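Q: For reference, the structure I am asking about is given below.
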Amino acid sequence: MRSRSVGGAVFAGAVDVPAPTARLVADWNREITSRLCLEAGDVEELSLARARARWPDYGRCVQAMADWTRTLGLQEVLASCDVALMACRGARYHHDGAQYGGMAFCNLFLSEDKGLDLHFPATGQRIPISRGTVVFFDTCQPHAVIERNSECFHSDNFSTAHDCSQVFLSWELPIEDALVGQALHVAFDIDPSTASLLDDAQVWLNGARASVCPDSGQWLQADPALSGPC
């Protein structure tokens, strides 16, 4: 297992993509409520194969994302990467380093503006989410989807009483691809002696395994008793 730094760059922008058809949005809503049963803070996968059968503009969405990533210097990296269709009802603060430590995420949001922001507490960036919002970031970078006028994640803001779900396409880009690593300013083999002792991907801070407070986004040490409340 290789050691690496957490990429500090977060890229965001907007692309012009057609609104999903009413039939497709209705199908997503049925799947979100009946199959996924999303609760506040949940992020789950929708069926991309099912969506593509009802989505005449899927190719235009992929092309728009490919064009945007080229402006970041990523050339044709996106074409060979896995893509998934995701849905969330907000998102608690988290990082995805344990499951996707070797990847960067490239997301294209497909839903309309519902008063939510994608927040990266370590960089201070708050990105308003609307149809066509695009982001590219290291999976180990803490992030959340929170209400626009909020400073942290509150589950009460994402009740089933109002429509607050977001649907987005998410590509996994390999961090070890030279173009991806360089764009995110990732340094490799910074602590090979520690990495050689590990059996799974972990994020470390100040010499100890770290996690993220799901409400505030603050880094926590491995032992919550040493970290204090978040």
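The values are calculated or read from the model by the stated rules, or taken from the named source; none is laboratory data. This is a predicted model, so every value here is computed, not measured. Quick reminder, even Gly has a Cβ in these numbers, built from the backbone with ideal geometry, and neighbours come from all protein chains shown.
Q: Can you tell me which condition SER196 does not meet? The list is (1) closer than 29 Å to PRO18 by Cβ; (2) out of contact with any Lys or Arg (no Cβ under 7 Å at 6 or more places or on another chain); (3) of a type outside the set (Val, Ile, Thr), and all the others hold.
A: (1)
Q: Of these, GLU76, GLU44, GLU31, which one is among the charged types (D, E, K, R) and closer than 13 Å to LEU169 by Cα?
A: GLU44 is the lone residue from the list that is among the charged types (D, E, K, R) and closer than 13 Å to LEU169 by Cα.
Q: Being assigned to a helix (DSSP H, G or I), over 27 Å from LEU36 (Cα atoms), touching a strand residue (DSSP E or B) at 6+ places or on another chain (Cβ under 6 Å) and at pLDDT 95 or above narrows it down to one of VAL186, VAL180, so name that one.
A: Going through VAL186, VAL180 in turn, the sole match is VAL180.
Q: Picking from ALA26, ALA22, ALA40, which residue would you name as being in contact (Cβ under 8 Å) with a residue 60 or more places away in the chain and surrounded by fewer than 19 Cβ atoms within 10 Å (Cβ to Cβ)?
A: Just one listed residue meets the conditions, ALA40.
Q: Separate question: Pull up region 195-220, narrow it to residues that are modelled with pLDDT of 90 or more and among the polar types (S, T, N, Q), then point me to the one that is surrounded by the fewest Cβ atoms within 10 Å (Cβ to Cβ).
A: So, considering only residues that are modelled with pLDDT of 90 or more and among the polar types (S, T, N, Q), the one surrounded by the fewest Cβ atoms within 10 Å (Cβ to Cβ) is SER196.
Q: Only one of (1) at pLDDT below 95; (2) under 14 Å from PRO214 (Cα atoms); (3) under 14 Å from the mean Cα position of the chain (by Cα) is not met by PRO121, so which one is it?
A: (1)
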